[in-house]
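The values are calculated or read from the model by the stated rules, or taken from the named source; none is laboratory data. Keep in mind that what you see is a predicted model, and the values were worked out from it rather than measured. Because the Cβ atoms are built from the backbone with ideal geometry, glycine has one as well, and the counts that use them run over all protein chains shown. Surface accessibility is based on the protein's heavy atoms, side chains included, excluding ligands, DNA and RNA. Shrake-Rupley method; radii C 1.70, N 1.55, O 1.52, S 1.80 Å.
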Amino acid sequence: GGTAMAAVRDVEIDPEGTFKYILVRLQRPGGEEQRDVVRGTKAAEFHNHIFEKVNPEMEKLGYECKCLGGGKIDHNSKDKKIRVFGLSTGYGKADHSVTAEILKKVYTDYEITWSDDKK
């Protein structure tokens, strides 16, 4: 059932700084069940580095992963602000409005904004 998917966190991002992120769609092979998650880290030099880490983790849990695009996240934990912007050269631009909604589920007391600006 939906328990394994519920165990997957909506958001895993660095607690501070500006870094690349990707929007990933998880789907059960042949199943209707799907959801989108946000992953981002400063450790990733390129967007595909994030995907290369997420994909095997999710495959172990029995999901197919599809990268819906990427961008950047500016996370200011002191001021409780997150800004989503930019794009991924390899994957294209994620729908930042979707990303912002997912972030709002987790960072409920944050001001979360997004734009299609490059920086």
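Summary of values
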item: Of all residues in the range 94-119 being among the hydrophobic types (A, V, I, L, M, F, W, C) and out of contact with any helix residue (DSSP H, G or I) (no Cβ under 9 Å at 6 or more places or on another chain), the one that is most open to solvent (accessible area, probe 1.4 Å); result: 106
item: Filter result for the condition that a residue is at pLDDT below 95, under 15 Å from residue 10 (Cα atoms) and open to solvent by less than 80 Å² (accessible area, probe 1.4 Å), over 35, 39; result: 35
item: Of all residues in the range 14-28 being charged (D, E, K, R) and modelled with pLDDT of 95 or more, the one that is surrounded by the most Cβ atoms within 10 Å (Cβ to Cβ); result: 20
item: Those strands (runs of 3 or more DSSP E) lying entirely in the range 1-72 with at least 3 residues over 25 Å from residue 108 (Cα atoms) and either in contact (Cβ under 8 Å) with a residue 12 or more places away in the chain or within 15 Å of the chain's Cα centre (by Cα) (or both); result: none
item: Flag for residue 82 being assigned to a strand (DSSP E or B) and within 20 Å of residue 118 (Cα to Cα); result: yes
item: Residues (touching a residue at least 40 places away in the same chain (Cβ under 8 Å) and more than 11 Å from the chain's Cα centre (by Cα)) located in the range 92-109; result: 105, 106, 107
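Conditions tested, residue by residue: (1) over 20 Å from residue 8 (Cα atoms); (2) surrounded by fewer than 18 Cβ atoms within 10 Å (Cβ to Cβ); (3) at pLDDT below 95; (4) polar (S, T, N, Q).
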position: 52; (1), (2), (3), (4): no, yes, no, no
position: 55; (1), (2), (3), (4): no, yes, no, yes
position: 63; (1), (2), (3), (4): no, no, yes, no
position: 69; (1), (2), (3), (4): no, no, no, no
position: 77; (1), (2), (3), (4): yes, yes, no, yes
position: 80; (1), (2), (3), (4): yes, yes, no, no
position: 84; (1), (2), (3), (4): yes, no, no, no
position: 89; (1), (2), (3), (4): yes, yes, yes, yes
position: 92; (1), (2), (3), (4): yes, yes, no, no
